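Scroll down for the structure; my scribbles are underneath it.
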Ligand code: NOJ
């Protein structure tokens, strides 16, 4: 029988290199106090569930005090817990419980912007132009008489203008929602405060950090601001763009690295950096954050060549930085992969997969749920066998589909409100999890949940799946347990295969074959360890992945 070979003695300091990390969106995971909003006690009540998934770590999306203008990515206080989610003692208890279960804890750090309720921003509004309080943010005089025109015509990521007036002729930059003023990272006080935040959570036992908008902190805004058209025309891959992926951002992470390395084992970090591929290794380097998200599979078509190319490219990039790569199929910002894979490819390749379906409220094009789930199970099994870390998003282990028909009055995502008729936003992947078949909230809590759950959640609830050996939950449990036992050096060797099949072998003989095609292919020789759909004879069924070992 294959076993975990050369990594068995891996030191504690490199636990993250091939970790299975499960993203928890805390407000939608489990609600212990019955207010309709998930909380830290809710997560604690599900440690058994997390343990049974054989995870290496969980990543908590923001749980800090917040008005939820952007699902918690608008942080009022970086060193506290939202009172609706608990108190610091609950956080400490959660870390203890997770550690006792052998699961590490990664928290989200949101350094590009605070919320507009952060004490610094309140102080900035109450202070005059040119004050030290305003210097922590990006304030500019408006143009035109009395500064009534914005300093530039920039558009925010969620739609609408990126500059907001404050009533005295000055405007502040908010690249995201109006409630998310951008910080000025040239300001020493801002830098020091984040170092303090990193120490604060590290001292509380946090093992690592996920860094939001990691490529956006360093900005170079001259007296004369470029127009949006100028910005769009500037190259983004040379370190010189005024807003994105500037070379100086790495000076910030070099300072963070000294904090990370002052702990034993060193704290880890993973960058959310939407940058060109050749720019990723610096974020992932050991002198920087240490690891960076690779979203390429999340954006790839369900296609053998596309998947193989993405894997090759990202293993090469990881080798360049000395880091390990990261695989992501779903997260809290995108249409769930079981749904993406059940929809036709968009006619316009620039359109996000699932966009038209979401905009139609889930009506057109028609979603093939069965196919989407079959492909999702195959893709997940493929990803879980690759060298590097796998980042999983809560609910994907249930094969959960996106919820498309959330009524306008229940929606929360600022992208919906700031883009009327153009975006519906990301609420459909953030609907609270179904734990049981019982209303009002399918076991999420005792009150109606903060986002409405559809009736079909009953059929995919944890209670329905956990005793069914063929369920997606059982598949994830088996795969993650096996992955632990089989983990090996961070390499793979490609094996010859039919055109629609991608096959590789890991150094200890662990072999993987994924059939992307609509027709069965030949099953490779060897003993099957796990398959994403039922096998019949010596065939590898359509849209199926198998894990094998030599006989
Ligand atoms: C990326 C986060 O993943 C997303 O949810 C958020 O809206 C933006 N950053 C702004 O913080």
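The values are calculated or read from the model by the stated rules, or taken from the named source; none is laboratory data. Just so we're clear, the structure is a prediction, and the values are computed from it rather than from any experiment. FYI the Cβ positions are ideal-geometry reconstructions off the backbone, even for glycines, and counts take in every protein chain you see.
Observations, loosely collected:
- Test for residue 380: is it touching a helix residue (DSSP H, G or I) at 6+ places or on another chain (Cβ under 9 Å), outside any loop (DSSP other than H, G, I, E, B) and in contact (Cβ under 8 Å) with a residue 12 or more places away in the chain: yes
- Looking across region 177-194 at every residue that is part of a loop (DSSP other than H, G, I, E, B) and more than 16 Å from the ligand (Cβ to nearest atom), the one that is nearest to residue 248 (Cα to Cα) is identified as 186.
- Meets criteria (crowded, with 23+ Cβ neighbours inside 10 Å and away from the ligand (no atom under 16 Å from the Cβ)) for residue 40: yes
- Tally, over region 318-329, of residues that are under 17 Å from residue 303 (Cα atoms) and within 16 Å of the ligand (Cβ to nearest atom): 2
- Residues in region 218-241 that are in contact (Cβ under 8 Å) with a residue 60 or more places away in the chain and surrounded by 13 or more Cβ atoms within 10 Å (Cβ to Cβ): 6 in all.
- Against the numbered list (1) closer than 20 Å to residue 140 by Cβ; (2) within 16 Å of the ligand (Cβ to nearest atom); (3) assigned by TED's automatic domain parsing to the domain that holds residue 265, residue 214 comes up short only at (1).
- Residue list for region 9-47, filter: part of a loop (DSSP other than H, G, I, E, B) and within 14 Å of residue 394 (Cβ to Cβ): 25, 29, 30, 31, 38, 46
- In region 399-416, the residues that are away from the ligand (no atom under 15 Å from the Cβ) and closer than 25 Å to residue 369 by Cα: 399, 400, 401, 402, 403, 404, 405, 406, 407, 408, 410
- Filter result for residue 67 (away from the ligand (no atom under 16 Å from the Cβ), in contact (Cβ under 8 Å) with a residue 40 or more places away in the chain and over 14 Å from residue 435 (Cβ atoms)): no
- Some residue of region 244-255 being touching a residue at least 40 places away in the same chain (Cβ under 8 Å), farther than 26 Å from residue 163 by Cα, surrounded by fewer than 16 Cβ atoms within 10 Å (Cβ to Cβ) and outside the structural domain of residue 504 (by TED's automatic domain parsing): yes
- Test: residue in region 95-105 that is at negative phi, in a loop (DSSP other than H, G, I, E, B) and more than 16 Å from the ligand (Cβ to nearest atom): yes
- Going through (1) within 16 Å of the ligand (Cβ to nearest atom); (2) modelled with pLDDT under 95; (3) not in a loop (DSSP other than H, G, I, E, B) one by one, residue 352 falls short only on (3).
- Enumeration of residues in region 526-545 that are at pLDDT 95 or above and over 19 Å from residue 3 (Cβ atoms): 531, 532, 533, 534, 535, 539, 540, 541, 542, 543, 544, 545
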